[in-house]
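Below is one structure, written out as structure tokens; the observations come after it.
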Amino acid sequence: MMTPTEAAPVTPVGAQTTAAPDSARPAGPAPRRPGQTLLEVSGVSVSFDGFKAINNLSISIAEPELRAVIGPNGAGKTTFMDIVTGKTRPDEGRVLWSEKGVNLLRMSESRIAQAGIGRKFQKPTVFEAQTVSENLAMALRASRRPLDVLLFRPGPDTAGQIAALADEIGLTEHLPRRAGELSHGQKQWLEIGMLLAQDPRLLLVDEPAAGMTPAERQHTTDLLKRAAERHAVVVVEHDMDFVRRLNCKVTVLHEGSVLAEGSLDHVTKDQRVIDVYLGR
Ligand SMILES: Nc1ncnc2c1ncn2[C@@H]1O[C@H](COP(=O)(O)OP(=O)(O)OP(=O)(O)O)[C@@H](O)[C@H]1O
Ligand SMILES: [Mg+2]
């Protein structure tokens, strides 16, 4: 449940574009109509050596939205993310993006990333020898015009943007520290911050709670919920307490298809979900 404490206003990640317009970027994100479909996956299938890992899968994600994807090992959760990000090409089906209905299946991985799909892998991939602040600065640079990146020209108010991001991910006090000194959980938040620096429209996060302490898990749910106020965020997670705290719509995958969808209470009462996942 969303408590007043959890809902307490923390500088939204969008503040760096709205409060301090950055002329090096296109004038901030376009106005986003809430609740519109951002990602439409329909009838997608993919086989690996004859094994159908994804089987006629249809999922649609709105903007903004927070969505949890759960299901047993091998259900196809990671493969779903691989397909959306262009890492795996499906044998059939459609993957459409944004109000323009762009066909993601025709785009390279890097173009899909540029189109606004950010992905967080399970293992944190931060620059360990650089400080937290430098990591965020690099991520902000990467989202700027290529020439600025090449010439190492900082955009206006980079410091303000770094401060807003650090606040968003809860690492303000750690800005001067080397990323390599952070705990596993803190590295995960830094990587989420680096993704948010690029202002993705859709953020895909695979098993963020793995290896985290209970306190770190709590912080991670708060962070993802906050990010989902402005972005579409899809979280794959096995930890049911974590999913409950996300307090969002849940999609249950099984054998590469959607088995059930709805509130966590709704899907956990579904006998098929109990049989294949919860009752193991
Ligand atoms: N590149 C690949 N080559 C062959 N088989 C693959 C490949 N990627 C995934 N698979 C298979 O597809 C199925 C779905 O895998 P996937 O990793 O998507 O499951 P998952 O739901 O993410 O599971 P987990 O909860 O264990 O992470 C599994 O049987 C897996 O072995
Ligand atoms: Mg997986």
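Values in this text are rule-based calculations from the coordinates and carry no lab data. The model shown is predicted, which means the values in this text are computed figures rather than measured ones. Neighbour counts run over all protein chains shown; Cβ positions are idealised from the backbone, glycine included.
Taking the centroid of alpha carbons for each part, segment 37-68 and segment 106-123 are 15 Å apart. Here the Debye sum runs over all C-alpha atoms of segment 77-146 as equal scatterers in vacuum, and log10 of I(q)/I(0) at q = 0.13, 0.27 Å⁻¹ comes out as -0.49, -1.23.
Backbone geometry of segment 210-215 corresponds, through the Karplus equation with coefficients 6.51, -1.76 and 1.60 at θ = phi - 60°, to 3J(HN,Hα) couplings of 4, x, 9, 6, x, 5 Hz, x marking Gly and Pro.
Look at where the Cα atoms of segment 197-214 and of segment 250-279 average out, and the two centres are 22 Å apart.
Sorted largest first, the principal axis extents computed over the alpha-carbon atoms of segment 152-217 equal 38, 29, 19 Å. When 133, 42, 108 are sorted by how many other C-beta atoms sit within 10 angstrom of their C-beta, beginning with the fewest, the order is 108, 42, 133. Taking the number of Cβ atoms within 10 Å of each Cβ as an exposure proxy, the fewest-first ranking of 121, 127, 51 is 51, 121, 127.
Give 87/123; 52/87; 187/269; 77/187; 120/225 a once-over and call out the pairs whose C-alpha atoms are over 26 Å from each other. Spell out each step's value before the answer.
Details: 87/123 17 Å; 52/87 17 Å; 187/269 35 Å; 77/187 23 Å; 120/225 15 Å.
Pairs exceeding 26 Å: 187/269.
Sort 275, 49 by Cβ crowding within 10 Å, fewest neighbours at the top.
Details: 275 12, 49 5.
Least crowded to most crowded, the residues run 49, 275.
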